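This report refers to the structure that appears directly beneath it.
Nothing in this text is a laboratory measurement; each read-out follows from the coordinates by a stated rule. None of these values were measured; they are calculated from a predicted model. Ideal geometry is used to build each Cβ from the backbone, glycine not excepted, and the neighbour counts take in all protein chains shown.
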Amino acid sequence: MSQGLLVAIEELNEELGKKLVKIARDSIAIKLGLKKANLEDYLSSYQDEILNKKGLAFVTLETYYGSTTSLRGCIGYVEAVAPLKEIVSKAAIAAAFSDPRFPPLSKNEFDNIIVEVTVLTKPQEVHIENRWDLPKYIKVGEDGLIVEYGILYSGLLLPQVPMEYCWDEETFLAETCIKAGLEPDCWLNKNVKIKKFQGIIFREIEPNSDKILVIKPSQVKCKKEELELL
């Protein structure tokens, strides 16, 4: 696949972001039987050139409590094997019904979830001789991380995650190692692959809202800061 066929996050705007969020929400609604449509036909109705390029994306679902939210599911794809619109649809359905941390989403919950779509760049492996210098090559607020060790261990954290939890670069690496099921200092092992990627976030302001937020990871507020403002 040539790079030219992959969606660049710079090509996306608020209008396209709204469509991606709608695709995610409608795909879940179709699976729940709340929207009467054939999923394949529904996706075919989106003929945007950019959305038909191959892409990488995660869909995050959060339960909405008004002033706060809590995670309800998050799944995505880091291999560009299908058009972006299909990747977002698949990720939304997987986040709603196949995240092993949560039971399948119910019809009663549907109108109380926030839908967030993060479109990613292609992950690139970080090659560095001295692993102790690795934190210098990671930028919190810009990079997401993937840790891989063999075929059994893999973990990914989106670029907004270290911002939300007020982590520095070393903590971010350690937490991604833990996500992969490895020791926190696994990033020092040269046999462990470290990959980084970037992303842009499209998020509903509230459940079923026509208005969305377009967010760069660097704009995500640390939860500690939010608590201090209360």
(message) 7 Å from Cα along Cα→Cβ at both N189 and E15: what's the point-to-point distance in nm?
(response) 4.9 nm
(request) Tabulate in residue order the Karplus-calculated ³J(HN,Hα) for region 67-73, using 6.51 cos²θ - 1.76 cosθ + 1.60 with θ = phi - 60°, rounded to whole Hz; enter x for Gly and Pro. (result) 8, 9, 9, 9, 4, 10, x
(request) Any of K31/K223; K136/K193; K85/K179; K53/K90; K31/K54 with alpha carbons more than 21 Å apart? Name them for me. (result) K31/K223; K85/K179; K31/K54
(message) Suppose each label sits 7 Å from its Cα in the direction of the beta carbon; what would the A82-L152 distance come out to in nanometres?
(response) 3.0 nm
(request) Compute the FRET efficiency between E142 and F97 as 1/(1 + (r/R0)^6), taking r as their Cβ-Cβ distance and R0 = 45 Å, and round to the nearest 0.05. (result) 0.90
(request) In debye, nearest 20, what is the charge dipole magnitude of the chain about its Cα centre with +1 on Lys and Arg Cβ and -1 on Asp and Glu Cβ, if you could check? (result) 520 debye
(request) Taking the Cα centre of region 124-196 as origin, work out the dipole magnitude from +1 charges on Lys and Arg Cβ and -1 charges on Asp and Glu Cβ, in debye rounded to 20. (result) 240 debye
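Apply 1/(1 + (r/R0)^6) to the Cβ-Cβ distance of K122 and L34, taking R0 = 45 Å, and write down the FRET efficiency to the nearest 0.05. Each step should come with its number before you reach the end.
Numbers: r = 34 Å, r/R0 = 0.76.
FRET efficiency, K122 to L34: 0.85.
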(request) Could you tally the net charge around L6, taking each other residue with its Cβ under 9 Å from the Cβ of L6, Lys/Arg +1 and Asp/Glu -1? (result) +3
(request) Please list 40-48, 79-87 highest first by mean number of surrounding beta-carbon atoms within 10 Å per residue. (result) 79-87, 40-48
(message) Can you tell me, using C-alpha contacts under 8 Å and at least 6 residues apart, the relative contact order of the chain as a whole percent?
(response) 20 percent
(request) Mind listing the lone cysteines of the chain, meaning no other Cys beta-carbon sits under 4.7 Å from theirs? (result) C74
(request) Starting from the amide H of L213, placed 1.01 Å from N in the peptide plane, find each other amide H under 5 Å away whose residue is 5 or more places distant or on another chain. (result) R203, E204, I205
(message) Applying a 10 Å radius around every beta-carbon, put 54-64, 166-176, 102-112, 194-204 in order of their mean neighbour count, most first.
(response) 54-64, 194-204, 166-176, 102-112
(message) Sort 137-144, 94-101 by the packing proxy (mean of other Cβ within 10 Å over each peptide's residues), most packed first.
(response) 137-144, 94-101
(request) Using the charge dipole of the chain (Lys, Arg: +1 at Cβ; Asp, Glu: -1 at Cβ; taken about the Cα centre), state which of S218, W167, A91 has its Cα farthest towards the positive end. (result) A91
(message) At 222 nm, what value in deg cm²/dmol follows for the chain if DSSP H runs of at least 4 each add -39500 (n - 2.57) and the sum is divided by all its residues, to the nearest 500?
(response) -8000 deg cm²/dmol
